[in-house]
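Notes to accompany the following structure.
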Amino acid sequence: MSRSLMIAGLAAVTLSLGACATKPKELPPEPGTANTTQTTPPPMQQPTGPVPGSQGDFIASVMSDMITFDTDRYNIDASDQGVLQSQAQWLGRYPAKSITIEGHADERGTRDYNIALGDRRANAAKNYLVSLGIDPARISVVSYGKERPLAIGSDEESWARNRRAVTVTVN
């Protein structure tokens with residue numbers, strides 16, 4: 001019986017000590033795992049597509065940034081008119097934007113001839129845009145002649161691609 005008493009006594013002491021023991025302190029949560037009632041705002045969504053008024057927006061919004069010409073020509077034909085009309089509409093939405101029209105030629109002809117031809121092509125595009133109501137002060141022209149070919153090659157397909165005027169936004 002003394003053994004049973006001894007076990008019972010030990011059990012009672014253990015239980016009483018356990019009941020009197022202080023509770024362990026709770027540690028703060030690990031950094032980054034805090035559970036608060038305050039919610040963080042969702043991340044801002046990145047805009048999809050080009051920035052309005054940018055060159056990317058211009059390219060995405062118009063029929064083309066480029067018109068093409070026949071050999072030794074700088075006249076604006078019906079398909080060029082449609083392209084330039086779409087450019088004029090975009091310019092109407094962004095009245096603070098300016099553009100540069102780059103005139104280009106194919107590799108045939110002298111450097112001086114092609115610079116002059118590129119200038120006539122760029123100015124023909126400018127004049128058409130002005131006729132649609134775009135302020136001429138917003139349009140500058142530059143001619144690169146045959147110095148910046150789009151297509152490398154000495155064949156009709158390459159030459160046709162290089163006879164062009166390209167519109168680039170500048171601000």
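Among the residues of the stretch 82-107, write down those that are in a loop (DSSP other than H, G, I, E, B) and exposed (fewer than 14 other Cβ atoms within 10 Å of the Cβ). Lay out the reasoning, then the answer.
Looking only at the stretch 82-107, we keep the residues that are in a loop (DSSP other than H, G, I, E, B), and these are 94-98, 105-107.
Selection gives P95, A96.
Does any residue in the stretch 51-69 that is under 14 Å from G92 (Cα atoms) come within less than 6 Å, Cβ to Cβ, of a residue that is of a type in the set (F, W, Y) and part of a loop (DSSP other than H, G, I, E, B) six or more places away or on a different chain, and which pairs are these?
From the stretch 51-69, the pairs are G53/Y94.
Residue under question is S79, and the condition is that it be free of Cβ contacts under 8 Å to residues at least 60 places away in the same chain, under 30 Å from V51 (Cα atoms) and surrounded by 15 or more Cβ atoms within 10 Å (Cβ to Cβ); does it hold? Break it down stepwise before answering.
Details: free of Cβ contacts under 8 Å to residues at least 60 places away in the same chain: yes; under 30 Å from V51 (Cα atoms): yes; surrounded by 15 or more Cβ atoms within 10 Å (Cβ to Cβ): no.
No.
Residues being closer than 14 Å to M66 by Cβ and without any contact (Cβ under 8 Å) to a residue 12 or more places away in the chain: count how many of those fall in the stretch 150-159.
Initial filter on the stretch 150-159 (closer than 14 Å to M66 by Cβ): 150-151.
Imposing the further condition that a residue be without any contact (Cβ under 8 Å) to a residue 12 or more places away in the chain reduces the set to 151.
Total meeting the criteria: 1.
Tell me yes or no: at least one residue of the stretch 143-156 is under 23 Å from the mean Cα position of the chain (by Cα), surrounded by 17 or more Cβ atoms within 10 Å (Cβ to Cβ) and part of a loop (DSSP other than H, G, I, E, B). Reasoning before the result, please.
Step one: list which residues in the stretch 143-156 are under 23 Å from the mean Cα position of the chain (by Cα), which gives 150.
Subset that is surrounded by 17 or more Cβ atoms within 10 Å (Cβ to Cβ): none.
No, the conditions are met nowhere in the stretch 143-156.
So, of the residues in the stretch 115-138 that are in contact with a Ser or Thr (Cβ under 6 Å, 6 or more places away or on another chain) and surrounded by fewer than 22 Cβ atoms within 10 Å (Cβ to Cβ), which turns out to be farthest from R73 (Cα to Cα)?
Within the stretch 115-138, the match that is farthest from R73 (Cα to Cα) is R138.
Residue-wise test of (1) out of contact with any Lys or Arg (no Cβ under 8 Å at 6 or more places or on another chain); (2) free of Cβ contacts under 8 Å to residues at least 60 places away in the same chain; (3) basic (K, R).
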| site | (1), (2), (3) |
| --- | --- |
| N127 | yes, yes, no |
| V130 | yes, yes, no |
| P136 | no, yes, no |
| R148 | yes, yes, yes |
| R161 | yes, no, yes |
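Which one of these is of a type in the set (A, V, I, L, M) and modelled with pLDDT under 95: M66, M44?
Values: M66 fails: modelled with pLDDT under 95.
Matching residue, one of M66, M44: M44.
The values are calculated or read from the model by the stated rules, or taken from the named source; none is laboratory data. Predicted model, so just to flag it, every value in this text is computed and none were measured. Don't worry about glycine lacking a Cβ; one is built from the backbone with ideal geometry, like all the others, and counts go over all protein chains shown.
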